[in-house]
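After the structure tokens below, expect a handful of questions from me.
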Amino acid sequence: MFSRWSHSHHNQENDSLQHESKVKELRAALRPLSDRGLKYCTDACLRRYLEARNWNVDKSKKMLEETLKWRSTYKPEEIRWHEIAVEGETGKVYRANFHDLDGRTVLILRPGKQNTTSLDNQLRHLVYMIENAILNLPEGQEQMVWLIDFTGWSLSTSVPIKSARDTINVLQNHYPERLAMAVLYNPPRIFEAFWKIVKYFLDAKTFQKVKFVYPKNKESVELMRSYFDEENLPTDFGGKAILEYNHEEFSKQMVQDDIKSATLWGFDNKLQSTGTDQSGPEITPEPICLAPEAS
């Protein structure tokens with residue numbers, strides 16, 4: 001018994017040593033990074049990209065460099081709540097005030113509450129919420145859970161297939177290993193037609209993270225119990241808590257988080273309105289004056 005344990009333990013140690021050397025190899029292979037690029041490319045970040053590409057350094061490098069290019073033009077960390085707040089008015093995507101049992105941030109998505117028509121802005125809002133979920137991860141936790149409630153969803157309110165594909169691509173390509181699980185709660189029969197097409201856009205790793213949950217199905221109920229405390233899980237997802245989205249309260253929270261984010265990324269809140277990509281050292285000292293507000 002002991003020898004088998006020490007053998008597996010030895011294998012784990014070997015794996016982690018190999019993984020660490022891959023992280024170093026990937027870091028050495030990257031082209032020189034901007035200040036913000038350096039901030040983004042932590043060891044944990046490099047590990048996620050390596051994990052997503054099965055520890056192949058060349059493929060991980062390509063993937064990570066695509067993300068760095070995307071982040072330098074899309075600037076997800078510079079999106080501010082006031083720019084996309086209209087998207088949040090009905091609470092179609094927001095960060096829950098509870099975590100799952102592993103302490104992961106939970107995003108609640110309610111596609112039936114769609115209230116706008118600009119697909120670009122809808123995607124910006126979702127990217128903002130993903131960044132916000134990451135910003136609010138507890139120490140040592142890297143992943144989030146999505147709870148998707150299909151109440152009120154119909155093919156007429158659903159996003160066009162192309163938009164679904166764009167969204168999936170952003171999540172898969174630029175936020176690898178950030179999603180622990182996506183719960184599709186009680187989707188209507190008609191959703192199956194939509195899913196049949198959309199599932200082809202998912203890579204194998206993401207596909208495995210999608211769970212269909214039906215309240216009358218015993219396995220589904222057990223799955224939810226294994227991930228959530230039913231006392232704080234909303235009734236909309238088979239729990240006992242009452243879900244109330246208060247846009248005004250949530251907005252206050254997001255404004256505070258914007259200050260936290262500006263401090264973290266090393267730019268003053270006033271700078272984002274200029275739209276210039278100054279991530280140079282001349283800006284970095286400024287956010288110190290923001291620190292008291294963030295507490």
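Report, in deg cm²/dmol and to the nearest 500, the calculated mean residue ellipticity at 222 nm for the chain, where each DSSP H run with n ≥ 4 adds -39500 (n - 2.57) and the sum is divided by the residue count. Intermediate values should be presented prior to the final figure.
Numbers: 12 runs with 144 residues, N = 295.
My calculation for the chain gives -15000 deg cm²/dmol from helical runs alone.
Right, another one. Keeping every protein chain in place, order I197, I79 by accessible area at 1.4 Å, biggest value first, i.e. largest first. Please list the in-between numbers first.
Working: I197 85, I79 0 Å².
Descending accessible area places them as I197, I79.
How about segment 92-165: which trypsin sites (Lys or Arg not before Pro) there lie in a loop by DSSP and see at most 11 other Cβ atoms within 10 Å? Let's see the in-between values first.
Numbers: sites: K92, R95, R104, K113, R124, K162, R165; in loops: K92, R104.
Passing sites in segment 92-165 do not exist.
Still on this structure, please answer the following. Place +1 on the Cβ of every Lys and Arg and -1 on the Cβ of every Asp and Glu in segment 16-74, take the dipole about the Cα centre, and give the residue among S16, W70, G37 whose Cα lies farthest towards its positive end.
Of the listed residues, the answer is W70.
For the chain, what is the percent of antiparallel DSSP beta bridges, rounded to the nearest 5?
Details: 4 of 20 bridges.
Expressed as a percentage, antiparallel bridges in the chain total about 20.
How large is ³J(HN,Hα) for each residue in segment 141-148, as worked out from phi by the Karplus curve 6.51 cos²θ - 1.76 cosθ + 1.60 (θ = phi - 60°), to whole Hz, x for Gly and Pro?
10, 10, 10, 10, 10, 9, 10, 10
Expressed in nm to one decimal, what extension gain is obtained for the pair K39 and L223 from 0.36 nm per residue of sequence separation less their Cα-Cα distance? Intermediate values should be presented prior to the final figure.
Details: separation 184, 0.36 × 184 = 66.24 nm, distance 3.64 nm.
Here the answer is 62.6 nm.
Going by accessible area, probe 1.4 Å, with all protein chains left in place, what is the ranking of T90, T151, largest first? Each step should come with its number before you reach the end.
Numbers: T90 50, T151 100 Å².
Result of the area sort, largest leading: T151, T90.
Mind scanning K61/K196; K39/K199; K24/K211; K205/K252; K62/K205 and naming the pairs with a C-alpha gap bigger than 26 Å? Don't skip to the end; give the middle numbers.
Details: K61/K196 32 Å; K39/K199 33 Å; K24/K211 35 Å; K205/K252 36 Å; K62/K205 18 Å.
Beyond 26 Å between Cα atoms: K61/K196; K39/K199; K24/K211; K205/K252.
How many Å² of accessible area per residue for the chain, probe 1.4 Å?
Working: 16110 Å² over 295 residues.
That works out to 55 Å² per residue.
Okay, moving on. What is the sum of charges around I161, taking Lys and Arg as +1, Asp and Glu as -1, for the other residues whose C-beta is under 14 Å from the C-beta of I161? Kindly include the intermediate steps, with their values, before the conclusion.
Numbers: positive: K162, R165, K196, K199; negative: D166.
In short, +3.
Note down the magnitude of the dipole of the chain about its Cα centre, charges +1 on Lys and Arg C-beta and -1 on Asp and Glu C-beta and zero elsewhere, to the nearest 20 debye. List each step's numbers first, then the result.
Numbers: 39 positive and 42 negative charges, 241 e Å.
My answer is approximately 1160 debye.
Starting from the Cα coordinates of the chain, work out the convex hull volume and express it per residue in Å³.
Values: hull volume 49.6 nm³, N = 295.
Spelled out: Cα convex hull of the chain, divided by residues, is 168 Å³.
For E66, what is the net charge nearby, where nearby means another residue's Cβ is under 15 Å from its Cβ and Lys, Arg count +1, Asp, Glu -1?
On the way: positive: R31, R48, R53, K59, K61, K62, K69, R71; negative: D58, E65, D166, D203.
Residues near E66 contribute +4 overall.
Classify segment 1-122 as rounded, prolate or oblate from the Cα gyration tensor: take a ≥ b ≥ c as the square roots of its eigenvalues, call it rounded if a/c is under 1.5, otherwise prolate when a/b beats b/c and oblate if not. Present the calculation step by step, with values, prior to reporting the outcome.
Details: a/c = 3.21, a/b = 1.57, b/c = 2.05.
Oblate shape, in that a/c is at least 1.5 and b/c is the bigger or equal ratio.
Count the net charge of all other residues whose Cβ sits under 9 Å from the Cβ of L30, scoring Lys and Arg as +1 and Asp and Glu as -1.
Values: positive: R27, R31, K61; negative: E65.
Here the count lands on +2.
Give me the dipole magnitude in Debye, nearest 20, for segment 89-168 about the Cα centre, with unit charges on the beta carbon: positive for Lys and Arg, negative for Asp and Glu.
Numbers: 8 positive and 9 negative charges, 72 e Å.
I would put it at about 340 debye.
I'd like the GluC sites (Glu not before Pro) in segment 42-111 restricted to DSSP loop residues with at most 14 other Cβ atoms within 10 Å, sorted by number.
On the way: sites: E51, E65, E66, E77, E78, E83, E87, E89; in loops: E89.
Passing sites in segment 42-111 are E89.
Given charges of +1 on the Cβ of Lys and Arg and -1 on the Cβ of Asp and Glu, with all other atoms neutral, how large is the dipole of segment 16-74 about its Cα centre, in debye to the nearest 20?
Working: 14 positive and 8 negative charges, 27 e Å.
The dipole magnitude comes to about 120 debye.
The values are calculated or read from the model by the stated rules, or taken from the named source; none is laboratory data. Model, not experiment: these values are computed from the prediction. So basically every Cβ, Gly included, is an ideal-geometry build from the backbone, and we count neighbours across all protein chains shown. For accessibility, only protein heavy atoms count, side chains too; no ligands or nucleic acids. Shrake-Rupley method; radii C 1.70, N 1.55, O 1.52, S 1.80 Å.
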